[in-house]
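I have placed the structure first, in the form of structure tokens, so that the comments after it can refer back to it.
The values are calculated or read from the model by the stated rules, or taken from the named source; none is laboratory data. This structure is a prediction, so every number in the text was calculated from the model and none was measured. Note: ideal-geometry Cβ built from the backbone for every residue, glycine included; neighbour counts use all protein chains shown. For accessibility, only protein heavy atoms count, side chains too; no ligands or nucleic acids. Shrake-Rupley method; radii C 1.70, N 1.55, O 1.52, S 1.80 Å.
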Amino acid sequence: MCIRDRSKGIPHGYLDPTMNRTYEVVGTMFKELFDMFPDEFVHVAGDEVEFDCWKKRQSIVDWMAEHNVSDFVALSQIYQDKQREVLKSLDAKRTLTYWIEERTDNMTYKDDDVLQTWGTVGNYSTLVERHPRNKWIISANDHLYLDCGTGNYFGGNSWCEPYKTWWQIYNLNLTSLVNPENILGAEAALWSELVTEDVLDAKLWPRLVALSEATWTPEFASKTSVARRLNAFGERLRERGYLVNPITAQWCEMNIEGCF
């Protein structure tokens, strides 16, 4: 494993794609997971590899030169292809799902792979154009990242400011990003750096219901209609003892038409 040294913050570790031992470890880990979880889909990530870590490991640089590997995106492709061989040898029926980002969007995928991207809505056209046959999970960070807008763990702003409101989540037009036939679904993300069990429910609910509304109803509803249902759902959660955020002021909760 390659560990990227940082003067501050959380150290990141990366597998060495040039070592045969890496793929033995991957096979052992996924065999255990496959034995526990029979699901059709398996998410193998694949994004945000910090190439500086590989660059600083001389054995990796030497291996790349010896095997005429031009850059670290190409090395990522080698790892992905070998990882695929390992996983398919364990269970050929599993559907592989990958995070994809702009930096590595020219990597190749099989047509039956599911692709998921956290890019902004403006990034989708390029990604979808390059991979038109794949199914997609939409997780646009400018609409569906629920940990944004509350700062980072250094006391500064989060990278994906601002806070994503329930109305902003609801107004994400999925079919404007990907052909409807190629949309497998949408997934909101709540990353855990600044999330504990004490604040989990408040960060999720009832905002997440807005995504359910957007994905399960064919027509966009009025703001008044959506606010009424989200408010009622939030109230039911509070009655059951969940500490959830309100979607509006208490007066507006009792006078929805007066605010929306």
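Against the condition of a type in the set (S, T, N, Q), touching a Phe, Trp or Tyr at 6+ places or on another chain (Cβ under 7 Å), closer than 30 Å to Asp105 by Cα and surrounded by fewer than 20 Cβ atoms within 10 Å (Cβ to Cβ), how does Asn157 come out, does it pass?
Numbers: of a type in the set (S, T, N, Q): yes; touching a Phe, Trp or Tyr at 6+ places or on another chain (Cβ under 7 Å): no; closer than 30 Å to Asp105 by Cα: yes; surrounded by fewer than 20 Cβ atoms within 10 Å (Cβ to Cβ): yes.
Here the answer is no, as Asn157 does not meet what is asked.
Out of (1) open to solvent by 30 Å² or more (accessible area, probe 1.4 Å); (2) within 18 Å of the chain's Cα centre (by Cα), what's the single condition that is false for Pro132?
(2)
Please enumerate the residues belonging to segment 101-110 that are out of contact with any Asp or Glu (no Cβ under 9 Å at 6 or more places or on another chain) and assigned to a helix (DSSP H, G or I).
We begin by selecting, within segment 101-110, every residue out of contact with any Asp or Glu (no Cβ under 9 Å at 6 or more places or on another chain); these are 102, 105-107, 109-110.
Correct list: Glu102 only.
Any idea which of (1) closer than 23 Å to Val114 by Cα; (2) in contact (Cβ under 8 Å) with a residue 40 or more places away in the chain; (3) crowded, with 16+ Cβ neighbours inside 10 Å is the one Phe72 doesn't satisfy?
With (1) closer than 23 Å to Val114 by Cα; (2) in contact (Cβ under 8 Å) with a residue 40 or more places away in the chain; (3) crowded, with 16+ Cβ neighbours inside 10 Å applied to Phe72, the lone miss is (2).
If we keep just the residues of segment 88-106 that are farther than 23 Å from Ser176 by Cβ, free of Cβ contacts under 8 Å to residues at least 60 places away in the same chain and not small (Gly, Ala, Ser), which is most open to solvent (accessible area, probe 1.4 Å)?
The extreme case among them is Lys93.
Considering Ala214, Ala227, Ala210, which residue is touching a Cys at 6+ places or on another chain (Cβ under 9 Å), assigned to a helix (DSSP H, G or I) and surrounded by 16 or more Cβ atoms within 10 Å (Cβ to Cβ)?
Numbers: Ala214 fails: touching a Cys at 6+ places or on another chain (Cβ under 9 Å); Ala210 fails: touching a Cys at 6+ places or on another chain (Cβ under 9 Å).
Within the list Ala214, Ala227, Ala210, the selection yields Ala227.
Name the single residue, out of those in segment 231-247 being in a loop (DSSP other than H, G, I, E, B) and surrounded by fewer than 16 Cβ atoms within 10 Å (Cβ to Cβ), that is nearest to the chain's Cα centre (by Cα).
Of segment 231-247, the ones in a loop (DSSP other than H, G, I, E, B) are 240-247.
If we keep only those that are surrounded by fewer than 16 Cβ atoms within 10 Å (Cβ to Cβ) too, we end up with 240-243, 245-246.
Working: Arg240: 29, Gly241: 29, Tyr242: 25, Leu243: 25, Asn245: 23, Pro246: 25 Å.
For segment 231-247, the residue satisfying everything is Asn245.
Counting just the residues of segment 78-87 that are under 17 Å from Val42 (Cβ atoms) and among the aliphatic types (A, V, I, L, M), which one comes out most open to solvent (accessible area, probe 1.4 Å)? Explain how you work it out, then say what you get.
Our first condition is that a residue be under 17 Å from Val42 (Cβ atoms); within segment 78-87, this holds for 79-87.
Now restrict to residues that are among the aliphatic types (A, V, I, L, M): 86-87.
On the way: Val86: 29, Leu87: 3 Å².
Ranking the qualifying residues of segment 78-87, first place goes to Val86.
How many residues, within segment 52-69, are out of contact with any strand residue (DSSP E or B) (no Cβ under 9 Å at 6 or more places or on another chain) and either at positive phi or open to solvent by 30 Å² or more (accessible area, probe 1.4 Å) (or both)? Full working, then the answer.
Pass one, segment 52-69, residues out of contact with any strand residue (DSSP E or B) (no Cβ under 9 Å at 6 or more places or on another chain): 55, 58-59, 61-69.
Going one step further and asking which of them are either at positive phi or open to solvent by 30 Å² or more (accessible area, probe 1.4 Å) (or both), we end up with 55, 58-59, 61-63, 65-68.
Looking only at that region, the number is 10.
Search segment 169-181 for residues that are without any contact (Cβ under 8 Å) to a residue 60 or more places away in the chain and pair each with any residue that is hydroxyl-bearing (Ser, Thr, Tyr) and open to solvent by 20 Å² or more (accessible area, probe 1.4 Å) when their beta-carbon atoms are under 9 Å apart and the residues are at least 6 apart or on different chains.
What qualifies is Leu174/Thr215; Leu177/Ser125.
Those residues that are open to solvent by 30 Å² or more (accessible area, probe 1.4 Å) and either acidic (Asp, Glu) or in contact (Cβ under 8 Å) with a residue 12 or more places away in the chain (or both), I need them from segment 19-46; list them, please. Show your work before the answer.
Kept after step one, since they are open to solvent by 30 Å² or more (accessible area, probe 1.4 Å), are these residues of segment 19-46: 19-21, 24-25, 28-29, 31-33, 35-41, 43, 45-46.
Glu24, Lys31, Glu32, Asp35, Asp39, Glu40, Phe41, His43, Ala45, Gly46 - these are the residues of segment 19-46 that are open to solvent by 30 Å² or more (accessible area, probe 1.4 Å) and either acidic (Asp, Glu) or in contact (Cβ under 8 Å) with a residue 12 or more places away in the chain (or both).
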